[in-house]
Amino acid sequence: MVLLDVDGVLTDGRIIFGNDGTEYKCFDAHDGYGITRALEYKLKLAVISGKTSKVTKLRMKRLGVKELYQNTMDKVSIYQKLKKKYRLRDDEICFIGDDEFDLPLLKKVGFSAAPCDAMSIVRHGVDYVTKSAGGRGAVREVIDMILQSKNLIPTTIG
C-alpha cells in the first residue's frame, strides 16, 4: 500500500485562490498516470491530507482513488485503520510526506519517502528522497520503483 500526502507531494505545495475564493492546485499528469497504473496493478493507495479541499476530492475521484482522508492531522490513526482494514504489516506500506507533521507516520511505515524539495528535517528522516520535486513527478518516481521491484513494469535506464 502507498499512502500519499497532498500539498507538497501530489502538488508543489502552492495553493492559489481566485478573487471569488475558488481554490486552485496543480497536480502533475505523470503522477496521475503513475497512480492510475498502480491501481491497475492492484497496488492499494490512500491519500491522507491535513486540509480539506474540493479540488483534491475531485482529482482523486477522477484517478479512481477511493481511500481519501482529509482534514486530519493525526495521520497515524488513519494508517492504523488502513493497516487493520487491509491486514497489512508495517513493511508492506510506503508513505510519501514532505513536512514535519508527516514525520510520525514516516517513522512507522516500512518504506518512507519524501520529495527532494521537502523540509530538511523530513529529507533527513526518510528511506528515500526522490529526484523529482513534489507535484512534479515525485509520486510517479516512487510508484514506478515499487512496480519495478515487483517486475510489473520495465526498469528504467538512467
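State the number of residues belonging to the range 33-49 that are surrounded by fewer than 17 Cβ atoms within 10 Å (Cβ to Cβ) and not hydrophobic (A, V, I, L, M, F, W, C). Walk me through it before giving the result.
Of the range 33-49, the ones surrounded by fewer than 17 Cβ atoms within 10 Å (Cβ to Cβ) are 33, 36-37, 39-42.
Narrowing further to those that are not hydrophobic (A, V, I, L, M, F, W, C): 33, 36-37, 40-42.
The number of residues fulfilling the criteria is 6.
All but one of (1) among the aliphatic types (A, V, I, L, M); (2) within 16 Å of LEU43 (Cα to Cα); (3) exposed (fewer than 15 other Cβ atoms within 10 Å of the Cβ) hold for LEU58; which doesn't?
It is condition (2) that LEU58 fails.
What residue, of ILE146, ILE121, is in contact with a strand residue (DSSP E or B) (Cβ under 8 Å, 6 or more places away or on another chain) and modelled with pLDDT of 95 or more? Write out each step before concluding.
Numbers: ILE121 fails: in contact with a strand residue (DSSP E or B) (Cβ under 8 Å, 6 or more places away or on another chain).
Just a single option satisfies the conditions, and that option is ILE146.
Let's see how each residue does on (1) charged (D, E, K, R); (2) more than 14 Å from LEU3 (Cβ to Cβ); (3) touching a Gly at 6+ places or on another chain (Cβ under 9 Å):
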| position | (1), (2), (3) |
| --- | --- |
| GLN70 | no, no, yes |
| ASP74 | yes, no, no |
| ILE78 | no, no, no |
| ILE96 | no, no, yes |
| LEU105 | no, no, yes |
| VAL109 | no, no, no |
| CYS116 | no, yes, yes |
| VAL122 | no, yes, yes |
| GLU141 | yes, yes, yes |
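Working only within the range 8-52, note down all residues that are of a type in the set (Asp, Glu) and farther than 19 Å from ASP117 by Cβ.
Restricting attention to the range 8-52, the residues satisfying the condition of being of a type in the set (Asp, Glu) are 12, 20, 23, 28, 31, 40.
Selection gives ASP20, GLU23, GLU40.
If THR52 satisfies all but one of (1) more than 26 Å from LEU152 (Cα to Cα); (2) surrounded by 16 or more Cβ atoms within 10 Å (Cβ to Cβ); (3) not basic (Lys, Arg), what's the number of the condition it fails?
(2)
The values are calculated or read from the model by the stated rules, or taken from the named source; none is laboratory data. Just so it is clear, the structure is predicted and the values come from calculations on it, not from any experiment. When we count neighbours, we look across all protein chains shown, and the Cβ atoms used for this are built from the backbone with ideal geometry, even at glycine.
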